[in-house]
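Structure, as structure tokens:
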Amino acid sequence: MNHKFNHLNKDTEIVGKGSEIDLGVLSSTQTFPPSITSLNFPFDLKEDQIAAVDAWMANNNRGTILYSTGTGKTEIAFECAKRLAGRHISPKNMESLSNVDELNNNDLILKNKHKDISVPKQIEIAADTNREKDVAPYSFFNVLFLVPRISLIDQTVNRLISYGIPKEKVGVYFGERKEKKEIMICTYHSVIRNPLLIRRSSMVIFDEVHLIRDTSKSFIKIFDIVVEDPKKAILGLTATLDERDFKNSTILAVLPPVIKYTIKKAVIDKRLAKPVVIPIKVSLTESEQKEYDVYSTKIKNISNKFKRYDVSSMTNLLKKGGFASGMAKAWFANIRKRKLLLSYAENKLSEAANIIQNKFPDEKIMVFSETIESIERLRDILEIRGMESKIIDANVKTIERQRILNNWGKTFNVLLSVHTLEIGYDVPQVRIELILATTSNINQIVQRIGRVLRKHEGKNIALIYVVYVPDTKDDNVIEVVKKAVTAENEEINIIQKQRSKKKRSNSTVAEKTLPSPLPSSIQAHKIQQSQSLGQTSVIPLSDKSKKRRKETTNEKVTEKENVDKRILKAYDIVESTLSKESLIVESNFKTINIKDGTVPDLVKESLESELGLYKVKSSMDRGKIYLVNLEKQSCTCNDFIYRHVKCKHILATEIISPKYSIKN
């Protein structure tokens, strides 16, 4: 490895054979391998991680890797950089080594800003160690890793060093720390003010790329600089990206998803703990309901008056000034008041405290809410009940934040946060999370859920309680949460994607040549009849029909209530499994040695099952065990044998099994 020019002062240029050589030109011709090629994981990458690297490189080294939190996105990014750097080490690069050596063998003139100094070839420039820290040891392959928060910088640096990258080759750039190195870790805010960091980089990695939305006008400028060089490698990393949201159009244009690995697929592959979402409905108090209705009415009246119903259009109204602007301000004020009211609804905070105190008093628990006021009130409620908790928000300094995290689970168990802990914090031991609703932002939901899904020894499931108020703006949060954890996997193969586009275009042409299907004679008659009547005819029901319909409806309601009760009992079993002794144990009967030749039917069925059997201990009599076979949907309990219903034991086992989810 040649270091002869690594220690030149930053005000110095190299001159040889009568011509000046710029440091930038030299860095582009140096031939020692880029530092990222020293990357050496102390583990083997998973198949899905290798697939992600392949997909990104197959898309001309551009695109977003959309992988669930906890599945190693950062390691994927490092591997992408290593592989790409390896491609740059070509015979042409190696030839330039001899050119640099030839330059070293000539007398050099160090042209300082103040005077020229002749230096014979016998003097080793590398010996000048006093100037080492003033020089940016660039490579012909420089990597820029962008993160959204300062707290993530040291975390990323430490990972690189732990994976074999020399410490002196990794620099950070933010605030007063400006270390220009071959591999740079920088915040988005800092790089906006220093675009040269992007231009000098061979590869730019955007961590949490979903944050660079079209509404983030300062961040979006970064893309303008990145696309200047069509050869620059760019990689986006995120756990979630709504491709239907027009505010993500620039991300999708510059860094389209090249592969996806959802929570559901990661759980099936046993890469993440299974999220068990437990919805907790609460109601507003009478006074809160009146207050909520007042805010909602004001919001509705202003929206109807100006025919504007969303934040974007109301923001435009705000800019107009005068009466319209005043009404827009009132609209936003009522939105804030309503959100605040929902966030610290009395029953919501009380129920959250009950879960913490009664179900998991000795567990580390993470609580997310939408406002600082709500978590401060929850902290006070917990304190009155004799439970200590700590708050981490944007105002808590990094040192204090780390001290709180270090003491979590030792001097206190409940950690409260608004948005600060959504991104980048690894807390794999935590199995319980409470989300006090008022947000239906799927990006936030996915990030929050991801905090507790990382695998840890003995951790196969994580309980996520969503405390919400139905028939309010909280109402659709459960659907958003379920969508986040049950979305089907969509692994995108770039080549296959292009082929499928061609097939679709060909089939579209073919479809246009086919005649549209005609309605049958009966359908035509019905259409004609309805047109002549001008309305749909309704046949009156007889009294018997009405009675049968009523009985059927009542039966359905009763059955639905029974199913709901069994589901609640199933959740109780799962909670007991987590908080006390394990009630559910997977038992693979394939390893059983049969001596007498007789095998119980349920065990016999499991011999051909990939899942095997689950043993579920009775919550009433711990000495009693029920056997559940998920493939056969069978159980040895009386509910299943005599009533032929999907019992609580089957439901509870489905909840914890990676391959199953409850289907009501």
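The values are calculated or read from the model by the stated rules, or taken from the named source; none is laboratory data. A quick note: this is a predicted structure, and the numbers were derived from the prediction, not measured. Heads up, the Cβs are rebuilt from the backbone with ideal geometry, glycines too, and the neighbour counts pull from every protein chain shown.
Scoring THR411 on the criteria (1) out of contact with any Ser or Thr (no Cβ under 7 Å at 6 or more places or on another chain); (2) outside the structural domain of GLN444 (by TED's automatic domain parsing) leaves a single failure, condition (2). Residue-level analysis places VAL430 outside the set of residues that are closer than 30 Å to ILE299 by Cα and either assigned by TED's automatic domain parsing to the domain that holds TYR571 or in contact (Cβ under 8 Å) with a residue 60 or more places away in the chain (or both). Of the residues making up region 303-311, not a single one is surrounded by 15 or more Cβ atoms within 10 Å (Cβ to Cβ), part of a helix (DSSP H, G or I) and free of Cβ contacts under 8 Å to residues at least 12 places away in the same chain. Against the test of being more than 26 Å from ARG83 (Cα to Cα) and either without any contact (Cβ under 8 Å) to a residue 60 or more places away in the chain or touching a Cys at 6+ places or on another chain (Cβ under 7 Å) (or both), the options ARG213, ARG199 yield a single qualifying residue, ARG213. Can you confirm whether SER374 is among the polar types (S, T, N, Q), in contact with an Asp or Glu (Cβ under 6 Å, 6 or more places away or on another chain) and within 29 Å of ASN407 (Cα to Cα)? It is false that SER374 is among the polar types (S, T, N, Q), in contact with an Asp or Glu (Cβ under 6 Å, 6 or more places away or on another chain) and within 29 Å of ASN407 (Cα to Cα).
Note on region 260-287: residues that are closer than 22 Å to THR64 by Cβ and not β-branched (Val, Ile, Thr) amount to 8. Taking into account only those residues within region 610-664 that are under 33 Å from the mean Cα position of the chain (by Cα) and of a type in the set (Gly, Ala, Ser), which is modelled with the highest pLDDT? Taking the candidates together, the pick is ALA652.
Return the total of residues in region 630-655 being over 15 Å from SER619 (Cβ atoms) and not in a loop (DSSP other than H, G, I, E, B).
Residues that pass the stated criteria total 6.
Within region 351-362, the residues that satisfy the criterion of being part of a helix (DSSP H, G or I), of a type outside the set (A, V, I, L, M) and under 28 Å from the mean Cα position of the chain (by Cα) are GLU351, LYS359.
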